[in-house]
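Below you'll find the structure, written out as structure tokens, and then a few comments.
Taken together, the values in this text are just the output of simple stated rules run on the coordinates, not laboratory data. Nothing here was measured: the structure is a model prediction, and the numbers come from that model. Positions of Cβ are backbone-derived with ideal geometry, glycine not excepted, and every protein chain shown enters the neighbour counts.
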Amino acid sequence: MKGYKFKFEKILNLRIRQEEQEEDKYLILKKELNALKNKIKTLESEKENIFKHLRDQENDLALNISLRRYLKNLKLKQERVRKEKKEKKKEVDEQLDILLEKKKERKTLEKLKEQEIEKFVKEFLEDEQKELDELGRLYSMGGR
């Protein structure tokens, strides 16, 4: 709009960039969290396969012992991944809070910009109407 310049435009652009950066961080953390969830599912599936193998190979004592050791290590690994998932979930939640705060800051400035534009347009139309009224009065008085 000609003649109008939002005085906080640079700040608004900065807020938009900050929001985009925080959103990128959030999406990366969500992707990492999903990878951990998939890893837990994979470990669970592997654990089930070992249980099945243990049931099928009851007679082979050496294989049974090594599978049980492997199963124990697998359970420890699964617990570590679950703990890591819990920590990552906490990070995701914190990042979501940051992202929502950045969105709120941006929306506040955008609302201010909208209000200023509406005020500018209203003042512009009022000035325009005054000019038209003045021209109409001059024209009706016979002057040009």
Taking first residues from the range 56-75 that are within 16 Å of Glu44 (Cβ to Cβ) and second residues anywhere that are basic (Lys, Arg), the pairs with Cβ under 7 Å that are 6 or more apart or on different chains are Leu71/Lys47; Leu74/Lys47
Tally the residues that are of a type in the set (Lys, Arg) and either touching an Asp or Glu at 6+ places or on another chain (Cβ under 9 Å) or closer than 30 Å to Asp24 by Cβ (or both), restricting the search to the range 94-144. 7
In the range 52-62, which residue that is surrounded by fewer than 12 Cβ atoms within 10 Å (Cβ to Cβ) and more than 45 Å from the chain's Cα centre (by Cα) is farthest from Gln78 (Cα to Cα)? Asn59
Just the residues that are under 13 Å from Gln78 (Cα atoms) and either among the small types (Gly, Ala, Ser) or surrounded by 12 or more Cβ atoms within 10 Å (Cβ to Cβ) (or both), please, taken from the range 30-43. Leu36, Lys37, Lys39, Ile40, Thr42, Leu43
Consider Glu128 against the criteria (1) under 28 Å from the mean Cα position of the chain (by Cα); (2) exposed (fewer than 12 other Cβ atoms within 10 Å of the Cβ); (3) acidic (Asp, Glu): it satisfies all of them except one. Which criterion is unmet? (1)
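Residue-by-condition table, conditions (1) under 30 Å from Gly3 (Cα atoms); (2) assigned to a helix (DSSP H, G or I); (3) out of contact with any Phe, Trp or Tyr (no Cβ under 8 Å at 6 or more places or on another chain):
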residue	(1), (2), (3)
Lys30	no, yes, yes
Ile50	no, yes, no
Glu58	no, no, yes
Leu99	no, yes, no
Thr108	yes, yes, yes
Glu114	yes, yes, yes
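Yes or no, residue by residue, for (1) more than 19 Å from the chain's Cα centre (by Cα); (2) surrounded by 12 or more Cβ atoms within 10 Å (Cβ to Cβ):
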{"site": "Leu14", "(1), (2)": "no, yes"}
{"site": "Glu23", "(1), (2)": "no, yes"}
{"site": "Ser45", "(1), (2)": "yes, no"}
{"site": "Ile50", "(1), (2)": "yes, yes"}
{"site": "Gln78", "(1), (2)": "yes, yes"}
{"site": "Lys88", "(1), (2)": "no, yes"}
